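Below is one structure; the comments refer to it alone.
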Amino acid sequence: MSQTPPPSKPPRLKEEGRAGGSLSASAIAGGVRSGETSAEEIVRGRLDAVKEGDSTIKAFLAVFEDGAMESARAVDRKRREGGRLGRLAGVPVALKDNMLVKGTITTCGSRILENYRSPYDATVVDLLKSEDAVIIGKTNLDEFAMGSSTENSAFFPTQNPWAPGHVPGGSSGGSAAAVAAGFAPVSLGSDTGGSIRQPAALCGIVGLKPTYGLVSRYGLVAFASSLDQIGPFSRTVEDSALLLDVIAAKDPRDSTSKAAPRGGYAEGLDAGVKGLRIGLPRQYFEAQGSDPEVVANVQEAIRALEAAGAVVAEASLPHTDYAVSTYYLIAPAEASSNLARFDGVRYGFSEKTAPDLASLYEESRGAGFGAEVKRRIMLGTYALSAGYHDAYYEKANRVRTLIRRDFEEAFESFDLLAAPTSPVPAFPMGERMKDPLSMYLADILTIPANLAGIPGISVPSGLTSKGLPVGLQLLAPAFAEKTLLRAAFALESARPFPRLGSND
Ligand code: GLN
């Protein structure tokens, strides 16, 4: 078992087949640019893999068969005519179905948007297209990105490609499963409390949540605006760096978008970790419900980083215990406000037979939203209501500051923090659906980074004795994505991990 071929090596077409391709995005783009392979062949192969395998995995809510083939042919035509091809030439990309692609349906995994047609392209979609990527479809998610297993989708659950009958994680479970199954080399998800990192861990792939504000959220349907961030899934660290290079850009259409230095994320990945100070937050290794096998596996991976020259020591994030309760006040509060727009009048589903306006609102929302979304709207509305605003919402914001300060203090002594991404590997479907609290605890190790606005990446660190993937999470100070990616790359090189559908 070895890693996906480096970009310098010409792509071997036999690796792209019906079992799902195993070429990386950078290898594909290199091959398409040099003419060794065509975008049409690559995209056809992945669409065939979806046809063959997605009736069991159910990663996709929509596949853009015709549109994708047309875009692929346009890329090949551009090459033949001597045009300059972009950095993602012919690379098939899957998108979580909460990002708008003009003219296509964006459901957010909800009945209320079942027929909602996107009026414009999200900024990330613009950026992907401008680098000649090919969008092959939209992936399943927990309704409005609320959940940790993709079982809250109004349409169907998605299977973990590693373990049928187990969840892929969530809320971006479809995007993670699509990459793990080889339906696409890369995809995009959104991470509000862990929804990129946690499914990446459970599906044995790389998932990166960038710094808050680094990637534009224009055209991402808002869940909790002070926490949401778009980021990549991939099989290799290099591919996540490449995607970040393309999507990280200041956008005047998103007021939270920051003017961070552009690009360069894929450079210097192999600089190593010699002398890098890595802290192990004690609280993250003792989290409620942690599986000892996960903890042991991550500790072993950390030893590999140490052997590569990193300086490892214990760290402390003392307010970790309050993160989940803080998040479950702030996120629902913001969601209750963001979701007010889905009123049966302006967007999507409308209960047209309602006798008056108030009933139209009630009946459209009553029938359009699922149980978890309703639970969050009620929680959030309560936390923001006049009598309780100070006691709940304001207090949560004060605790959020304490959590942010924990990180600031830790980063005075460390360049990075390392810990498990999820306290447990993929769990059986249905196991946590009856108990929302147990589902909320799945994000205990990812939520603090969203509250602090810092970047985090999940890298595969191995398999449990049952063959379920384990993810190691690295956290960095705001805008230190380069350090994050460099350490992730070092880990990937020190501990090559198995990939599904790849037998090279
Ligand atoms: N699982 C968390 C939630 O349900 C995080 C979701 C996310 O990051 N979108 O809110």
Considering only the range 345-365, state which residues are free of Cβ contacts under 8 Å to residues at least 60 places away in the same chain and either under 26 Å from L227 (Cα atoms) or not small (G, A, S) (or both). V345, R346, E351, K352, T353, P355, D356, L357, L360, Y361, E362, E363
Within the range 101-152, how many residues are out of contact with any strand residue (DSSP E or B) (no Cβ under 7 Å at 6 or more places or on another chain), among the small types (G, A, S) and over 30 Å from P428 (Cα atoms)? 2
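Here is a yes/no grid of residues against (1) at pLDDT below 95; (2) open to solvent by 10 Å² or more (accessible area, probe 1.4 Å); (3) closer than 21 Å to V125 by Cβ; (4) hydrophobic (A, V, I, L, M, F, W, C):
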| position | (1), (2), (3), (4) |
| --- | --- |
| Q229 | no, no, yes, no |
| L244 | no, no, yes, yes |
| L269 | no, yes, no, yes |
| I278 | no, no, no, yes |
| D291 | no, yes, no, no |
| V294 | no, no, no, yes |
When D321 is evaluated against the numbered criteria (1) open to solvent by 80 Å² or more (accessible area, probe 1.4 Å); (2) at pLDDT below 95, which criterion, by number, is the only one it fails? (2)
Checking the structure you have, find out if any residue of the range 86-93 is surrounded by fewer than 24 Cβ atoms within 10 Å (Cβ to Cβ) and within 27 Å of G263 (Cβ to Cβ). yes
Considering only helices (runs of 4 or more DSSP H) fully contained in the range 276-390, which possess at least 2 residues that are under 22 Å from M146 (Cβ atoms) and within 16 Å of the ligand (Cβ to nearest atom)? 323-338, 371-384
Which of (1) open to solvent by 10 Å² or more (accessible area, probe 1.4 Å); (2) among the hydroxyl-bearing types (S, T, Y); (3) assigned to a helix (DSSP H, G or I) is the odd one out, the single condition S240 does not satisfy? (1)
Log entry, pairs with first residue in the range 436-447 being closer than 12 Å to G170 by Cα, second being more than 10 Å from the ligand (Cβ to nearest atom) and open to solvent by 10 Å² or more (accessible area, probe 1.4 Å), beta carbons closer than 6 Å, six or more apart or on different chains, reads M439/R432
Is the range 65-79 home to any residue that is open to solvent by 40 Å² or more (accessible area, probe 1.4 Å), under 24 Å from the mean Cα position of the chain (by Cα) and within 27 Å of P164 (Cα to Cα)? yes
If only one of A200, A181, A176 is open to solvent by 10 Å² or more (accessible area, probe 1.4 Å) and in contact with a helix residue (DSSP H, G or I) (Cβ under 7 Å, 6 or more places away or on another chain), which one is it? A181
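The values are calculated or read from the model by the stated rules, or taken from the named source; none is laboratory data. This is a predicted model, so every value here is computed, not measured. Note that each Cβ is placed from the backbone with ideal geometry, even for glycine, and that neighbours are counted across all protein chains shown. Side chains included, ligands, DNA and RNA excluded: accessible areas come from the protein's heavy atoms. Shrake-Rupley method; radii C 1.70, N 1.55, O 1.52, S 1.80 Å.
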